Amino acid sequence: MSKKINMEHGVVCRLKNERLGYFGWPSVALMEDGTIVAASSGLRYYHVCPWGKTVFNYSKDGSTWSAPEIINDTPLDDRDAGVISLGGRKLLVSWFTSDVRQHDEWIKQRVSDMDYKEIMEAASSYTEDIIKKCFGSWVRTRDNEGSWAEPVRVSVSAPHGPILLSNKDILYLGKDMFQVQDGVRSRRNGAIKAIKSCDGGKTWIEMGNVPTGEDVYDCDVHEPHVVELSSGKLIGLIRYQKRRDKKDDLVGLKYDDFSIFQTESDDGGKTWTKAHPTGVYGSPPHVIRHSSGVLVCVYGYRKEPYGERAMISWDEGKTWKSDIVLRDDGLNGDLGYPASVELNDGSILTVYYQKLAGDKQTSILWTRWRIE
């Protein structure tokens, strides 16, 4: 049974009635001076379109937010913005780019003929040089003075990006999504694996892959996030969604589709346990370790009542109390990707994307709450 708790709600960014007013897939970080940074893919037209940009919104109190600031704007669709604090005012942002031509039929079935024509005309400007230069998964760092380094291509992707470990190394548990063959970059359905940077995100080394269990394949696992325990143990949570060509393929499915799996590593990400089901419906997961020691995982809920939920573990991921309702007023399943940060007073600020009543496009919203 789901449980509601006391909380506040508000808006990070909502550009109602603006054509490029769609925002999605956010993350959130807290800088040392108390400034909160929400990253998202925004100033775009639709769920899939060629105009996606990586944007930041800033706040000092978690309630009022600045206008969106563009961080990345490649010719491709810049999607899934992650952000972490590296200390001081230093930040790392992550994202991946998409060639919308690979989603031609998906788009055609969901937008008007006029919009489809405009999207494809914009995508027709893509050259082979643009694809080779821009296609893939990326990270980029900002220094204390606000200057951005050049983007660095990485071999994995995940909506909320990497985490900063206690020893200041950066660990990225992500999906092996992209490959290069004969100079051409394309998407793939590879394993969940870890990579690590020991120099602030400049270079990355390969760690270990997450093995899949019975009746689960690499193409069924997606969009992971990881947390470090006080012992150094890593807990990874993963979106499980069966790859299929038809809805009928879900008949007799062994595990809940669009649910959360878990994996662990005791050696810094070199080896991982087999991904196993938590029994919790919803995805993708984002998990943090609260100052109390409690693990807090938030996830989107794409069944009625649509919205955002959380699950909590008091025993370092051995068991989870799930379906804590943060919000249940979503209008449809185009929502979710929540991410959380603990604020200085111990409260939790969770950001996510969702459509508000009366709006045609999704906005970035926030919920502030406390662990009971």
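Only the coordinates and a few stated rules stand behind these numbers; no lab work does. These numbers were taken from a predicted model, which means no experiment stands behind them. Here Cβ is always computed from backbone atoms with ideal geometry, including for glycine, and neighbour counts include all displayed protein chains.
Put simply, the amide H of residue 82, placed in the peptide plane, has neighbours under 5 Å in 94, 95, leaving out anything fewer than 5 places away on its chain.
A simple spin-label model places pseudo-atoms 7 Å from Cα toward Cβ; at residue 69 and residue 304 they are separated by 4.3 nm. Helical runs assigned H by DSSP (4 residues or longer) give the chain a calculated mean residue ellipticity at 222 nm of -1500 deg cm²/dmol, each run adding -39500 (n - 2.57) before division by the residue total. Full extension of the chain segment joining residue 121 with residue 319 gains 66.3 nm, where the gain is 0.36 nm per residue of separation less the Cα-Cα distance.
Relative contact order of the range 283-346: 36 percent, from C-alpha pairs under 8 Å at least 6 residues apart in sequence.
Classification of the range 255-372 by its C-alpha gyration tensor yields an oblate form. The axis ratio a/c (a ≥ b ≥ c) is 1.5 or more, and b/c is at least a/b. What the phi angles of the range 332-348 give under the Karplus curve with 6.51, -1.76 and 1.60, with θ = phi - 60°, is a coupling list of 7, x, 7, 6, x, 6, x, 9, 10, 9, 7, 8, 5, 8, x, 6, 10 Hz, glycine and proline written as x. What number comes out for the charge environment of residue 298, summing +1 per Lys or Arg and -1 per Asp or Glu over other residues with Cβ under 10 Å away? Here the charged neighbours net out to 0. For the range 1-127, the normalised intensity computed at q = 0.17, 0.20 Å⁻¹ comes to -0.90, -1.08 (log10 of I(q)/I(0), Debye sum over alpha carbons, equal scatterers, no solvent). Rounded to two decimals, the Cα radius of gyration of the range 22-85 over 2.2 N^0.38 Å is 1.10.
If a spin label sat at a point 7 angstrom from the Cα of residue 202 along the line to its beta carbon, the backbone N atoms of the range 125-146 nearer than 20 Å would be those of 138-146. Let me check against my output: what whole-number percent is the relative contact order of the chain, with C-alpha pairs under 8 Å and at least 6 apart? RCO, the chain: 16 percent. Protection proxy ranking for 288-299, 9-20, 112-123, using the average of other Cβ atoms within 10 Å per residue and placing the highest first: 288-299, 9-20, 112-123. Take the Cα of residue 270, step 7 Å toward its Cβ, do the same at residue 108, and the gap between the two points is 5.1 nm. Need one word for the range 50-93: rounded, prolate or oblate. Basis is the Cα gyration tensor (sqrt eigenvalues a ≥ b ≥ c); a/c below 1.5 gives rounded, then a/b vs b/c decides. Verdict is oblate for the range 50-93.
When only Cα pairs below 8 angstrom with a gap of at least 6 residues are kept, the range 27-150 shows a relative contact order of 23 percent. Shape class of the range 128-172 from the Cα gyration tensor (axes a ≥ b ≥ c, square roots of the eigenvalues): oblate, since a/c reaches 1.5 or more and a/b does not exceed b/c.
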